[in-house]
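For reference, the structure is listed below as structure tokens.
No value in this document is a laboratory result; all are computed from the given coordinates. Keep in mind the model is a prediction, meaning the values are calculated, not measured. No Cβ is skipped: glycine too gets one built from the backbone with ideal geometry, and neighbour counts run over all protein chains shown.
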Ligand code: MG
């Protein structure tokens, strides 16, 4: 595994995690009490929006600390560059094409959608139920708003949150300039507790704080049990909201205030775990569903040095700032190997000693050997789907684009043969096409592409249907 250790950890400088001092720290699922899991998932947070990932003015001391104590992954991907399919990928460990949670007709689910995540899918929550985990979903779901698709129908004991994006259910035409200082009343989104609506419109100014409060309450209530909490913030998806306490806090403006409130919540959660002596028995994962929403200019985030953003298949759309934290268990450092949100299901199941589903095609890998033993990542390939089609494919350091198209523009697709080829380790910004230098790499990636399509069974489109 290629690693770049923090400078103060000089002992990690050479071959990093392979040093013998760590060889005794291997983790087995049977050791001590079964661990807890908290997955914190942001909405539209860019690769470059955290202090620890290089943002010059957004201050994220809690996430920076989390990264310093844990593993910061710099090549970690999502399953799609928009909300619904990305979330389906995380929850099921499968490419969204397999569950039908992607479409070429509608890119995500809407409040009038008739579909959702099929009951035949196995979510992380459902899989962990085999080991009697208490499971809770807090925040944005976006895998179906009808009762049969809600978290409580997919293995979660409880749900508290807005079931889809915070810009939906618009009450009237909101002028562009009003998005800079939005009001909750403009968006009639429901806040749900389990299957009931408890507030509408949801007061979005306090939503980040309330999601954090709910998570802390769940940790306290279940401190004697083992738990899995999926905390999916609705923000920093536009329209941007933050509580009074965070108004004007960040030099980055409104977007920075929002990210800093999320960071503050991460700090509160970590401190709660420490206070309850659960920190050493809890893995916390932090990442986001897709890249920054660039069409909103300053209101959207930043992908840092990566090209593109939400909605597209350049790196900025699908590579996310990702941190794994578990003091005393995870070997601290920076991991440059490949990982993906689809790997969370097999990784969490393996750590928990729960069976990994073996009756279906899974696209995730168990990352625990990287987390605990410093081994190389088992993942070597990333598919960049847009809707139901593969637009690009990464294998090792190389990424080939077969089709390109702007994130949200009305431009036509451009088909590339030979594909555009970028060496992402040398050129993370995808600026320099090196296709003519590497014909063998292109042949190999084309072969992977065809192999993938050969065995693929697409699920029935869940996103296209509308309620009568
Ligand atoms: Mg999103």
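Any idea what the relative contact order of the chain is, in percent, if you count C-alpha pairs under 8 Å spaced at least 6 apart? All intermediate terms of the calculation are to be shown ahead of the outcome.
Values: 1129 pairs, mean separation 122.6, N = 468.
Over the chain, the number comes to 26 percent.
How do the peptides 89-98, 245-254 rank, highest first, by the average count of neighbouring beta carbon atoms within 10 Å per residue? Don't skip to the answer; put the middle values down first.
Numbers: 89-98: 27.7, 245-254: 15.8.
Ranked from most to least packed, the peptides come out as 89-98, 245-254.
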For the stretch 32-380, state what percent of all Cα-Cα pairs lands in each successive 20 Å bin, counting from 0 Å until the bin that includes the largest distance.
33, 62, 4
In the chain, what % of DSSP beta bridges are antiparallel (nearest 5)?
55
Return a whole-number percent for the relative contact order of the stretch 384-454, with Cα pairs under 8 Å and 6 or more residues apart as the contact set.
24
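By average Cβ neighbour count within 10 Å, what is the ranking of 407-420, 153-166 from highest down? Write out the running numbers ahead of the final one.
Values: 407-420: 13.1, 153-166: 22.9.
Going from most to least packed, we get 153-166, 407-420.
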Under the rule of -39500 (n - 2.57) per DSSP H run of 4 or more residues, summed and divided by the residues of the chain, what mean residue ellipticity at 222 nm is obtained, to the nearest 500 deg cm²/dmol?
-6500 deg cm²/dmol
Based on the mean of other beta carbon atoms within 10 Å per residue, what is the order of 130-137, 189-196, most packed first?
130-137, 189-196
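Report, to two decimal places, the Cα Rg of the stretch 384-454 normalised by 2.2 N^0.38 Å (N = number of residues). Walk me through the numbers on the way to the answer.
Numbers: Rg = 12.1 Å, N = 71, 2.2 N^0.38 = 11.1 Å.
Cα Rg divided by the expected 2.2 N^0.38 Å: 1.08.
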